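So the structure is just underneath, and the comments pick up after that.
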Amino acid sequence: MNTSRLDASHVSVVVTLLSLFASLAIGQDTTWLSAMDLTKMRQGWGTPRSNLSVTQHPLSCNGITFANGVGTHARSFVWVDLGGKGEKFTAAFGVDDGAPGPGSIVAKIWGDGAELYRSPVLSRGRMPVDIDIDIRGVQKLVLSVSDGGDGSNSDHADWCNARFLTRGKRPQTIDPVEDDPGLLTPIPPLAPGLNAPPVFGCRPGHPFLFRIPCTGERPVTFSAEGLPASLACNPSTGVISGRAPGTGTYAITLHALNRHGSQSRRMVIESGSVLALTPPMGWNHWYTHYGRITDSLVRDAADFMISSGMADAGYQYVNIDDCWMNSPKNGDSMRVGPLRDGAGNILPNRHFPDMPALTAYIHDRGLKAGIYTSPGELTCAGFAGAYRHEAQDARRFAGWGFDFLKYDWCSYSRVAGADPGRSALMTPYETMGDLLQQQDRDILYNLCQYGMGNVWEWGERVGAQSWRTAGDLGVELDRFFEVALRNAEHRAWSKPGSWNDPDYIQIGYIGDARNAGLPAPCSMTRNEQYAFMSLWCLMASPLFFSGDMGHLDPFTLNVLCNPEVIAVNQDALGQCAAVIQCTDETFVMVKDMADGSKALGLFNRGEFPADVAAPWTVLGLAGKYAVRDLWRQRNIGPAAGEYRVRVPRHGVALVRLTAEQSNPPTPKKGALQK
Ligand code: GAL
């Protein structure tokens, strides 16, 4: 038995009891953090635990065990309402001995926005630090754990014996306090507003379908000047269809007219080998309907995409994820049945009675349809995969009329073995990539294998247009800033036709895999949702909303449908923003745009509003720049030397910098000239 451990933990119990008696004697209340409502605590991984570490073991730092405290994981924060009645906060703080690696964490404590305490960087095996701070007069206190500047792997943090001494009022954990940004995106004008991407890729001779995204009061009369003879534009729906023209570049001009005015906009059709010249935009069912998806929910999603105005902002794909096939075993008997017919053709389950009719329904609205499978025998949710039927399935998807395939690794490890090398990782994706190219329609190809083998380095080579760079965001949502920063590290591989995919946009109402399916508002604050969308646009990520299309409230649409923000995502250069300046609390991202301007995102991950600056020296700029606030669609005057702005808690300022006449920048190589 380790006697020094025992001694230390006994000492900690004795100290705790003594201080309890002392506070009772002088009329103070002691409130243990472990006894407070920990559902208010947010953290980067796992769930906060009362009197246990985040992995549910006794709290232990450097061999000392603690009976009382809270185990959490960086980045973590909790707001506490003291109402000015606090006296002292005391705790021992350190990395839990159960962390799988060394970890590195910093505790920070703020009182009403002022920093009251900051620990040194701590790692596993170091003595926990004793914290004893004066909290007199503080109304709102924040306890936070940041990641020591090196990401949050193994950052299992323990607030041991953490307690508040107060007089007259018990402290309470509360939701974070932040200014409500309101609805930032202005209501689109009644006159037409064309939102087509600058460039659109297709393959010669294949079916062509493109619904011109356009806001404004209906009816709108559409036309497209300079269309190749194989294409026609429906004047009332704005849907351009036909067959893709022969290899070449076709500059067309879109026109939209209604009783309030008219607008024209150039778009280039590139008929050749590259698809998705700008990041694909659409909806995917996963984070709302999970294993409950049906034909009618998909049709509803297509209808909502039109009626909500999402299609007018550029959203186009309506994508089915897992669970449309049969499974050998499922709680829903309608999803159980033969996996294939006698000829080996994959069979949809009874919730999908007629796939060609479903894609036709989507195509009739000018939208596109997506489907999902796995190279494994079974998908992640246990449904029939494509293993040993790849060619047949690729033909079937094309025959049914699908325009997008997500190919999810799932059970393929059983084929590839435990630790496949790069070529084994590539094999199934190459096979399907080749097969998709043999079909007589354009099918976008999305790789989902969670970033294994640096997929961004070879995704394009196997014929894909996008690839997930990490695991599911569903479980990492609380650290979307970190996920984005990691995704942006692969920016060198972002270009027209090749996109890093950090997973879906999970704002608004999202579903729950476990409950009956009732979607609820996502856990992100409004500022976080604006920050999320800004990150995905700056990173040129595929824009797939995965929230509930049946619950598109005004706020969600406001975040999803700002044409000036989306234009950053759809820019013809296809650049992923670079992270310049990154501190523990704030960071700046900059993206070169095809017209020579720069899109700039100034982010604040901290708990209080912060000033964030982007100096010209770091941006490589000189002279004066016009600044436009993209969320508010408002010019905010010229800036020289730097752009500086106050950014809300967990929020963003997204601006576009354009050189004033006196200092025109050189357009970047590869930019599409207007
Ligand atoms: C996961 C994938 C998710 C979703 C799910 C379906 O592997 O990352 O996006 O497709 O499978 O079972």
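Summary of values
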| quantity | calculated |
| --- | --- |
| Which listed residue, of Gly376, Gly370, is under 30 Å from Pro235 (Cα atoms) and small (Gly, Ala, Ser) | Gly370 |
| Criterion (assigned by TED's automatic domain parsing to the domain that holds Trp45, modelled with pLDDT of 95 or more and of a type outside the set (Val, Ile, Thr)) met by exactly one of Gly168, Gly111 | Gly111 |
| Per-region count, the range 571-584, residues touching a residue at least 40 places away in the same chain (Cβ under 8 Å) and either acidic (Asp, Glu) or not in a loop (DSSP other than H, G, I, E, B) (or both) | 5 |
| Close pairs from the range 399-426: first of a type in the set (S, T, N, Q), partner open to solvent by 40 Å² or more (accessible area, probe 1.4 Å), Cβ under 9 Å, at least 6 apart | Ser411/Glu377; Ser411/Leu378; Ser411/Cys380; Ser411/Tyr387 |
| Elements of type strands (runs of 3 or more DSSP E) contained in the range 66-152, each with 1 or more residues being among the aromatic types (Phe, Trp, Tyr) | 76-81, 86-95, 106-111, 114-118 |
| Residues within the range 189-209 that are crowded, with 22+ Cβ neighbours inside 10 Å and in contact with a Phe, Trp or Tyr (Cβ under 7 Å, 6 or more places away or on another chain), tallied | 1 |
| Filter pass, Tyr372 being surrounded by fewer than 24 Cβ atoms within 10 Å (Cβ to Cβ), within 16 Å of the ligand (Cβ to nearest atom) and within 24 Å of Met549 (Cβ to Cβ) | no |
| Only listed residue being within 22 Å of Val559 (Cα to Cα) and not hydroxyl-bearing (Ser, Thr, Tyr), chosen from Pro188, Pro204 | Pro188 |
| Residues within the range 57-71 that are open to solvent by less than 10 Å² (accessible area, probe 1.4 Å) and within 18 Å of Phe164 (Cα to Cα), tallied | 3 |
| Test: residue in the range 290-298 that is in contact with a Cys (Cβ under 6 Å, 6 or more places away or on another chain) and not hydroxyl-bearing (Ser, Thr, Tyr) | yes |
| Filtered residue count, the range 421-431, keeping only those that are open to solvent by less than 30 Å² (accessible area, probe 1.4 Å), of a type outside the set (A, V, I, L, M) and away from the ligand (no atom under 16 Å from the Cβ) | 0 |
| Helices (runs of 4 or more DSSP H) contained entirely in the range 285-336, each with at least 3 residues that are surrounded by fewer than 19 Cβ atoms within 10 Å (Cβ to Cβ) and either within 16 Å of the ligand (Cβ to nearest atom) or not aliphatic (A, V, I, L, M) (or both) | 295-307 |
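The values are calculated or read from the model by the stated rules, or taken from the named source; none is laboratory data. A quick note: this is a predicted structure, and the numbers were derived from the prediction, not measured. Backbone-built Cβ (ideal geometry, glycine too); neighbour counts: all protein chains shown. Ligands, DNA and RNA are stripped out before the accessible areas are found, and what is left, the full protein with its side chains, is counted by its heavy atoms. Shrake-Rupley method; radii C 1.70, N 1.55, O 1.52, S 1.80 Å.
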